[in-house]
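Down below is the structure, laid out as structure tokens.
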Amino acid sequence: MKIIMLGAPGAGKGTQARMMTEKYEIPQISTGDIFRENIRNQTELGKKAKSYIDQGLLVPDELTLDLVLDRLSGEDCKDGYILDGFPRTIPQAEALTAALEEKGEKIDFAIDVEVPDDNIVQRMSGRRVCPKCGATYHIRYNMPEKEGLCDECGTELIQREDDSPKTVQKRLVVYHEQTQPLIDYYRRKGCLYAVDGTRSTDEVFQEICSVFG
Ligand code: AP5
Ligand code: MG
């Protein structure tokens, strides 16, 4: 199964992708997580990506494309994968389609997690993430067992730097301009499935699983 998670910042792509990796045993490939890891490790890529991410802008395609296409050739991707946060522009989607077509492959499901902008800012202000293992929580909707600590590795949770209300507003504008057109792109390819992302995480997960049948 080759799956793409579409949806606005904070729609729940990462939360759902993580639940799916457990059930379907295929890797979650999150470009946002890859960039954040590079920022933490202060790599060249991380330094370049940070200047865009901090402003709520997309990292340029030339820094993103090879990185992802390389990752998809990994041994762990041979039974499929969940792309979380990629593609995010039409050129990225076209490059992915072309790379897959070369191998006679295609995307099976593009899942659009729909959440109105009004809900997003509120969700983001309550998000807490584990800087070590990447697990995501919410101070009201998805609380860790012990306040402020990751359930999986016990690390102290932090807020993402790009989750300030101002940066979130910018990310939403960028989303509508550059990423939303992908919904039509995958609809035309006949693999788009929209799910209501405003319900509880478990309900959203049920709906996604029912898409796979
Ligand atoms: P990325 O990390 O991908 O950020 P994003 O797309 O903005 O999405 P988020 O991770 O913020 O949200 P999400 O949909 O994963 O929601 P989550 O599950 O955490 O990218 C970051 C940056 O990197 C970009 O801005 C860009 O600069 C760069 N970048 C990344 N990929 C790129 C690419 N391909 N090209 C160029 N640049 C790229 O949930 C959010 C919160 O809500 C959490 O607190 C969660 O607990 C809670 N929540 C989740 N589901 C529910 C629910 N059903 N009900 C209530 N709360 C919920
Ligand atoms: Mg995410």
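Where a number appears in this text, it was derived from the coordinates with a stated rule and is not lab data. These numbers were taken from a predicted model, which means no experiment stands behind them. Positions of Cβ are backbone-derived with ideal geometry, glycine not excepted, and every protein chain shown enters the neighbour counts.
Observations
- Furthest towards positive pole of dipole, GLY104, ILE82, LEU65, structure part the chain, Cβ charges: LEU65
- Calculated FRET value between ASP117 and ILE139, using beta carbons and R₀ = 22 Å, to 0.05: 0.60
- Other-chain or far-sequence residues with amide H under 5 Å of LEU83's (modelled H): ILE3, ILE4, MET5, ILE29
- For region 157-197, the residue among GLN178, GLN159, GLY197 whose Cα projects farthest onto the positive side of the dipole built from Cβ charges is GLN178.
- Per-residue [θ]222 nm for the chain (sum of -39500 (n - 2.57) over DSSP H runs n ≥ 4, rounded to 500): -13500 deg cm²/dmol
- Cross-link reach list, lysines versus LYS106, counting only Cα pairs under 18 Å and skipping chain neighbours closer than eight places: LYS2, LYS78, LYS189
- Relative packing of peptides 101-108, 78-85, 9-16 - highest average C-beta neighbours within 10 Å first: 9-16, 78-85, 101-108
- Net charge of neighbours whose Cβ lies under 11 Å from the Cβ of MET20, counting Lys and Arg as +1 and Asp and Glu as -1: 0
- What you get for the chain, charging only the Cβ of Lys and Arg (+1) and of Asp and Glu (-1), is a dipole of about 440 debye around the Cα centre.
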